[in-house]
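In what follows, a structure is listed as structure tokens, so that the remarks can point back to it.
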Amino acid sequence: MPDIPFHASVLTLYPQMFPGPLGHALAGRALEKGLWKLDAVNIRDFATDRHHTVDDTPAGGGPGMVLKPDVLAAAIDAVSPTDDPRPRLLMSPRGEPLTQKLVRAFAQAPGLVIVCGRFEGVDERVIEGRALREISIGDFVLSGGEPAAICLLDSVVRLLPGVMGKHESGEWESFEHDLLEYPHYTRPREWEGRKIPDVLLSGNHAEIERWRRQQAERLTRQRRPDLYTRWQQRRK
Ligand code: SAH
């Protein structure tokens with residue numbers, strides 16, 4: 001077990017959403033074992049007025065509300081002093097797309113500080129002033145950053161030392177080679193008239209390996225031409 005486990009701090013208006021799914025299965029067992037730790041900090045605790053106001057109307061008009069910079073900055077500063085070595089992220093639909101490459105990089109960090117937005121988003125000045133790195137989990141809009149933070153942490157935690165057994169961490173997983181994963185089968189040998197491909201039952205490991213690779217290439221070419229092109233270019 002590492003001396004200082006990976007430390008995730010999530011800043012949110014809904015701390016009760018954590019650990020949520022991260023408290024179960026692989027990530028949950030790792031949390032119990034102390035392979036990583038998580039605290040969910042309520043941004044509202046850093047509001048200073050009587051009503052604990054965290055948002056205000058957008059300057060320039062328009063719909064919705066914006067998270068106030070002073071309250072959010074106070075929360076960030078309390079959780080992550082300037083010498084904190086952990087990357088500070090903001091979940092944001094206009095951020096850098098999350099990729100397995102980024103996930104691997106985050107898993108090497110001592111931990112993460114993750115800000116979850118709500119409403120229309122957060123005041124731009126706190127993004128600049130606290131050097132928040134904006135990360136998106138895809139080209140769609142969630143109602144808040146919490147599910148995005150959970151996705152990001154789930155993908156990072158499974159890569160932390162000791163979390164996955166060797167047998168679980170297939171080096172053939174989707175995206176590890178810019179290729180999607182090959183199809184899987186298990187018993188029974190025949191189900192509803194559909195058979196497991198013979199090659200997988202042949203015991204010939206070189207053949208199996210070749211078949212899996214062909215399938216991975218076929219699926220990637222069909223479903224993700226963008227990945228397929230990148231993969232071909234990398235092989236040149
Ligand atoms: N008005 C914003 C959307 C705000 S959604 C816009 O049009 O860009 C509210 C919050 O949900 C955001 O602040 C962000 O924290 C989170 N969120 C929404 N979609 C997300 C995505 N695809 N990836 C990461 N976070 C997202």
Span from the the range 87-102 Cα centroid across to the the range 190-213 one, whole angstrom:
38 Å
Just to verify a number: FRET efficiency for His7 and Asp56, C-beta to C-beta distance, R0 = 45 Å, to 0.05?
0.90
Name the trypsin sites (Lys or Arg not before Pro) in the range 1-70 that are in a loop by DSSP and that have at most 11 other C-beta atoms within 10 Å, would you?
Arg50
Size of the dipole of the chain about the Cα centre, Lys and Arg at +1 and Asp and Glu at -1 on the beta carbon, nothing else charged, in debye to 20?
1080 debye
Dipole check, the chain, charges on Cβ (K,R +1; D,E -1), about Cα centroid: among Gly23, Leu159, Asn42 the Cα furthest to the positive pole belongs to Leu159
Using 7 Å Cα-to-Cβ label points, what is the Arg94/Glu176 separation (nm, one decimal)?
3.7 nm
Summed side-chain charge close to Thr48 - residues other than Thr48 whose Cβ falls under 15 Å, Lys, Arg +1, Asp, Glu -1
-3
Once you list every other residue whose beta carbon is under 10 Å from the beta carbon of Gln232, what net charge do they have if Lys and Arg are +1 and Asp and Glu are -1?
+3
Hey, got the dipole for the range 172-235? About the Cα centre, +1 on K and R Cβ, -1 on D and E Cβ, debye to the nearest 20?
180 debye
Compute the FRET efficiency between Gln16 and Ala74 as 1/(1 + (r/R0)^6), taking r as their Cβ-Cβ distance and R0 = 22 Å, and round to the nearest 0.05.
0.60
Report the longest stretch of the chain that contains none of the GluC sites (Glu not before Pro) sitting in a DSSP loop with at most 15 other Cβ atoms within 10 Å.
1-119
What's the center-to-center distance, using Cα atoms, between the range 1-62 and the range 126-164 in Å?
11 Å
Could you tell me whether the range 79-148 comes out rounded, prolate or oblate from its Cα gyration tensor? Rule is a ≥ b ≥ c as square roots of the eigenvalues, rounded for a/c under 1.5, then prolate if a/b exceeds b/c, otherwise oblate.
oblate
Just to be sure I understand: with springs between alpha-carbon atoms less than 10 Å apart, which residue in Gly28, Gly61, Gly111 has the highest mean-square fluctuation in the Gaussian network model of the chain?
Gly61
Selected from Gln100, Gln214, Gln108 as most flexible by GNM, with the chain as the system and alpha-carbon contacts under 10 Å
Gln214
Please pull out the direction-averaged projected area of the chain, using the convex hull of its alpha-carbon atoms, in nm² to one decimal place.
18.0 nm²
Candidate cut points under chymotrypsin sites (Phe, Trp or Tyr not before Pro) in the range 92-144, DSSP loop plus at most 12 other Cβ atoms within 10 Å of their own Cβ, are Phe140
Could you tally up the Lys pairs in the chain with alpha carbons closer than 23 Å? Skip any pair fewer than 8 positions apart unless they're on separate chains.
5
Given the DSSP H assignment, sum -39500 (n - 2.57) over each helix run of at least 4 residues in the chain and divide by its residue total; what's the result at 222 nm in deg cm²/dmol, nearest 500?
-10000 deg cm²/dmol
At Val141 and Gln233, where each label point lies 7 Å from the Cα along Cα→Cβ, what is the point-to-point distance in nanometres?
3.1 nm
Let's test the formula: R0 of 25 Å, r as the Cβ-Cβ distance of Arg187 and Glu209. What FRET efficiency results, to the nearest 0.05?
0.75
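Any read-out appearing in this document is the output of simple, stated calculations on the displayed coordinates, not a laboratory observation. The shown structure was predicted, so the numbers you read here are calculated from the model rather than taken from an experiment. Cβ: placed from backbone, ideal geometry, glycine included. Neighbour counts: every protein chain shown.
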